[in-house]
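Asker: Attaching a single structure in C-alpha cells format; questions to follow.
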Ligand SMILES: *Cc1c(COP(=O)(O)O)cnc(C)c1O
C-alpha cells in the first residue's frame, strides 16, 4: 500500500498540481465536498468586486449593453459546451437545474403522448419535477428503479429524466445503452449531469444525448446557488417550446410585442432577467475549466479513488464501499455506508476533513483532482479510519442534526 511519502511524491509529479493555487482553500482543511459546493476560485472576488463597483456602480443600466451582461447566458453556455462535447449555440447558462428540468420535460412531452418517467433513487428534485409535470399534463407518472430503466423505456413512455452519476453512490448509468433503448421506443431522454460535468469526460453527441441539464456550483466552481445550464442539440431546438415563455426567450425582446414568438436557437429557453452577480461568478469558475484536460482530471480521479478505497479496505473494513470499483461505472466521488455515517461526518469536520452525509447512512467524499492531492487522500483516510475505529463519532455532540447535511 502507498506510503505518505509515496503519495507526496505523486503530488510533486502531478501534471495538474498548478491548479490548486487557483483556489482559495483554507490551508489546514482537506476539502472533500467540492461535489456539493466547489471552493472559491482566487479570481472570483476581484471579478465580482469589479462587477459590483464598476459595472453596476458606474456603468449602471448601460452595462446590459457595454459589459456583456445581456449576452452572458449564451456566452457562458458556449464556454460550458466543450465540457459536454457540444457545439456553440447548444448550451445556455440560466436558472436552476430544477427549473431547467421543468422547462425541458414540459417541452419534450409535447413531442409525443405517453407517460413521464423518473428514477426512484435519483436526486429527489428530478422525480418531483417529473411527477408534477405529469400531473399538469394529465399524463401517467412512473417512478422506476435505476436497474430497471432500460426495460422501463417502453413505447408508451414520452419522456424520461435520468441522472448520469448517482448523487449518493456515484454509480454511473450507461448513457449509450439507455439512449439506444430510448431511441428504439421513441422516448425522449433528459440527462441530469450535475455530478458529471467537470468530473468525467463527456461527449454527448457521440453518446446520443440530445437534452441535458446540470449545475455550475459543483465541479464547475461557480459559487453557491450559481445558475445552472441546459443543453439542447441544435436539430431539436426548433421543435421545443419552453413552458416558461418569458421575454428573454422572445425572438425580439426589445420590440416588446404582446404576442410570444420564441427566439431561434438556444435563447428560447431563457425566461426572465438573469441573476447577473451569480452568473458572472459562475463564469470565473467555468473560465478556469477552459484550460483543463478532462482526461487528465479523470485519470487522477481514478487514482485518488483507488488510494482511498484501498486504504479504507485495509485500515477500516467496518466501512462498506457502496461506489462501484470499475471506473467506467462511476463518477468522481466515493461513498461508504455505516450506521454512524452522520456522526462520522461531523467528527471528521471537527478534525478538518470535510465530506458530507446523505441519508440513509452514507458518508460521501468528493474527489476533485484540481485541488486535491494524494497526500490529502492519504491523510483523510487515516483520520476517517481513526474516527470510525475509536468510535468518537458516538459522542452526543456529533448527533445534533443540522438543516444542511
Ligand atoms: C445537485 C443536484 C441538483 C440540484 O438542483 P438545484 O435546482 O440546483 O438545487 C439536481 N439534480 C442532481 C442530480 C443534483 O445532484
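Asker: Once you have the Kirkwood Rh of segment 15-156 from its Cα pairs, apply Stokes-Einstein at 25 °C and 0.890 mPa s and quote D in µm²/s. Kindly include the intermediate steps, with their values, before the conclusion.
Answerer: On the way: Rh = 19.2 Å.
The Stokes-Einstein estimate is 128 µm²/s.
Asker: I've got another one for you. Compare the peptides 290-298, 157-165, 192-200 by average per-residue count of other Cβ atoms within 10 angstrom and give them in order, highest first. List each step's numbers first, then the result.
Answerer: On the way: 290-298: 13.6, 157-165: 24.7, 192-200: 26.9.
Result, highest mean Cβ count within 10 Å first: 192-200, 157-165, 290-298.
Asker: Tilt of helix 97-109 relative to the longest C-alpha principal axis of the chain, in degrees (0 to 90, nearest 10)?
Answerer: Once rounded, the angle reads 50 degrees.
Asker: For helix 374-390, what angle does its Cα long axis make with the longest principal axis of the chain, in degrees from 0 to 90 and rounded to 10?
Answerer: Around 70 degrees separate the two axes.
Asker: Next up: Summarise the long-distance tail of P(r) for segment 75-147 by giving the % of C-alpha pairs beyond 16 Å.
Answerer: Working: 1489 of 2628 pairs.
In whole percent, the share of Cα-Cα pairs in segment 75-147 beyond 16 Å is 57.
Asker: So how much slack lies between residue 184 and residue 328, counting 0.36 nm per residue of separation and subtracting their Cα-Cα distance, in nm? Each step should come with its number before you reach the end.
Answerer: Numbers: separation 144, 0.36 × 144 = 51.84 nm, distance 2.40 nm.
Extending this stretch completely gives an extra 49.4 nm.
Asker: For a bin width of 10 Å, list the pair-distance distribution of the chain built from all Cα-Cα distances, rounded to whole %.
Answerer: 5, 22, 30, 25, 14, 4, 0
Asker: Rounded if a/c is under 1.5, else prolate if a/b is larger than b/c, else oblate: which is segment 338-394, with a ≥ b ≥ c the root eigenvalues of its Cα gyration tensor? The partial results should precede the final answer.
Answerer: On the way: a/c = 2.33, a/b = 1.44, b/c = 1.62.
It comes out oblate by the Cα gyration axes.
Asker: Taking 1 over the mean of 1/r across every pair of different Cα atoms in segment 225-343, what Kirkwood radius in Å do you get?
Answerer: Working: mean 1/r = 0.0532 Å⁻¹.
Mean inverse Cα-Cα distance, inverted, gives 18.8 Å.
Asker: Starting from the Cα of residue 48, step 7 Å along the direction of its Cβ; do the same at residue 379; then give the gap between the two resulting points in nm.
Answerer: About 2.6 nm, to one decimal.
Asker: Moving on to the next point. Does anything in segment 270-295 have its amide N under 17 Å from the 7 Å Cα→Cβ label point of residue 132, and if so which residues?
Answerer: Once the point is set 7 Å along Cα→Cβ of residue 132, 271-272 turn out to lie under 17 Å by backbone N, inside segment 270-295.
Asker: Mind giving me the nanometre distance, one decimal, between the label points for residue 287 and residue 236, set 7 Å out from Cα along Cα→Cβ?
Answerer: Label at residue 287, label at residue 236, 3.2 nm between them.
Asker: Sticking with this one: Within the chain, what percent of beta bridges assigned by DSSP are antiparallel, to the nearest 5?
Answerer: Working: 21 of 38 bridges.
Counting only bridges with both partners in the chain, antiparallel ones make up about 55 percent.
Asker: Then there is this: Hey, with R₀ at 25 Å, roughly what FRET efficiency would residue 22 and residue 295 work out to, going by the Cβ-Cβ distance, to 0.05? Don't skip to the end; give the middle numbers.
Answerer: Numbers: r = 19 Å, r/R0 = 0.77.
That gives a FRET efficiency of 0.85.
Asker: Classify segment 30-99 as rounded, prolate or oblate from the Cα gyration tensor: take a ≥ b ≥ c as the square roots of its eigenvalues, call it rounded if a/c is under 1.5, otherwise prolate when a/b beats b/c and oblate if not. Walk me through the numbers before you get to the answer.
Answerer: Numbers: a/c = 2.29, a/b = 1.20, b/c = 1.91.
Since a/c reaches 1.5 but b/c is at least a/b, the shape of segment 30-99 is classed as oblate.
Asker: After finding the eigenvalues of the alpha carbon gyration tensor for segment 285-382, what semi-axes result from the square roots of 5 times each, listed largest first in whole Å?
Answerer: On the way: eigenvalues 111, 46, 34 Å².
So the three semi-axes of segment 285-382 are 24, 15, 13 Å.
Asker: Starting with the highest mean, order 393-402, 60-69 by the number of other Cβ atoms within 10 Å, averaged over the residues of each peptide. Don't skip to the answer; put the middle values down first.
Answerer: Working: 393-402: 11.9, 60-69: 14.0.
So the order, starting with the most tightly packed, is 60-69, 393-402.
Computed from the coordinates by the stated procedures, all read-outs in this text should not be read as laboratory data. Here the structure is a predicted model, which is why all the values come from computation and not from measurement. Because the Cβ atoms are built from the backbone with ideal geometry, glycine has one as well, and the counts that use them run over all protein chains shown.
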